[in-house]
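Novice: Submitted below is the structure of interest, expressed as structure tokens.
What follows draws every value from the coordinates through simple rules; no lab data is involved. This is a predicted model, so every value here is computed, not measured. Glycine also receives a Cβ, built like all others from the backbone with ideal geometry; neighbour counts cover every protein chain displayed.
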Amino acid sequence: MLMQTEVRAADTGSSVTESSFQHIVVEGPIGVGKTTLARRLAERFGGELILEAPADNPFLERFYRKPATWALATQLSFLLQRVRQADELARPDLFAGVRVADYLIEKDRLFAELTLAADEFEIYEQVYAQMTPPVAVPDLVIYLQAPARVLRARISSRGIDFEQRMGADYLQRLTDAYTRFFYNYNATTLLIVNAAEIDLAHGAEGFELLVERLGQLRSGRYFFNPSFF
């Protein structure tokens, strides 16, 4: 695990309403709360919200029923969606404010490696290389980290039918893949958050501490462990 003890942020009692980062990405495995947190940050900073749309993937439910059969179709459908959004993000907008997204396009390859057979991954790699445009690098990535048992509980509580078929082994492999990916990630400022003991997506105190922490970041890699506060 990448989690480390973090020095307590100063308790100023203030409510931060502006961000020094213009392009923020919240990442992490399914069930960790990244989409809800991205919504809250976009609302706090008056920014544009950019979300994946898993409900628009016609193969996703079939993938959870029969992963081996539908993995490639599911992955290519997600890739097409993410490439379209990445192309829009890469276009300069002089009047754009804060943008908050709930994914990195690099996650597409992470999932492809996890779900595709070797021959399917070869096809995917060729399509990825041909289709992926120059990507706008975010100013800040917030990686929400939690163990598979916590993700399983949160997935169960939100009650999306096809997600309930997700096996414990798949969740463990997914969390391990995210850990490896962010262990080597250095493209931009990175904040690694222990999201296991506190609900940053919904709880007020943890969210305010996180926003306060964002105001203290510069370039580099940082750790935020709200369970120590």
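Novice: What net charge is computed for the residues neighbouring Leu37, neighbours being all others with C-beta under 11 Å from the C-beta of Leu37, Lys and Arg scored +1, Asp and Glu -1?
Specialist: 0
Novice: Whole-Hz ³J(HN,Hα) for each residue in region 121-129, computed from phi via Karplus 6.51 cos²θ - 1.76 cosθ + 1.60 with θ = phi - 60°, x for glycine and proline: what do you get?
Specialist: 5, 4, 5, 4, 4, 5, 5, 4, 5
Novice: Amide H to amide H under 5 Å from Ile50: which residues, 5+ apart in sequence or cross-chain, H placed 1.01 Å off N in plane?
Specialist: For Ile50, the qualifying residues are Val100, Ala101, Asp102.
Novice: What does the charge add up to near Val98, with Lys and Arg as +1, Asp and Glu as -1, over the other residues with Cβ less than 11 Å from its Cβ?
Specialist: With Lys, Arg at +1 and Asp, Glu at -1, the net is -2.
Novice: Now, a different point. Between Tyr170 and Val137, what is the FRET efficiency for a Förster distance of 30 Å, r being their Cβ-Cβ separation, to the nearest 0.05?
Specialist: It comes out at approximately 0.55.
Novice: Using 0.36 nm times the number of residues separating Thr69 and Ala129, minus their current alpha carbon distance, what extension gain do you get?
Specialist: 19.3 nm
Novice: Taking the convex hull of the Cα atoms, report for region 23-228 its projected area averaged over all directions, in nm².
Specialist: Quarter of the Cα hull surface area: 11.5 nm².
Novice: A further question on this structure: I want the local charge near Pro58. Using Cβ-Cβ distances under 15 Å, sum +1 for each Lys or Arg and -1 for each Asp or Glu among the other residues.
Specialist: Result for the neighbourhood of Pro58: 0.
Novice: Pop out the ³J(HN,Hα) list for region 176-189 in order, Karplus 6.51 cos²θ - 1.76 cosθ + 1.60 with θ = phi - 60°, rounded to Hz; leave Gly and Pro as x.
Specialist: The phi angles translate into 5, 5, 5, 4, 5, 4, 7, 4, 9, 7, 9, 6, 7, 4 Hz.
Novice: How many angstrom lie between the Cα centre of region 21-54 and the Cα centre of region 136-213?
Specialist: Computed from Cα coordinates, the inter-centre distance equals 12 Å.
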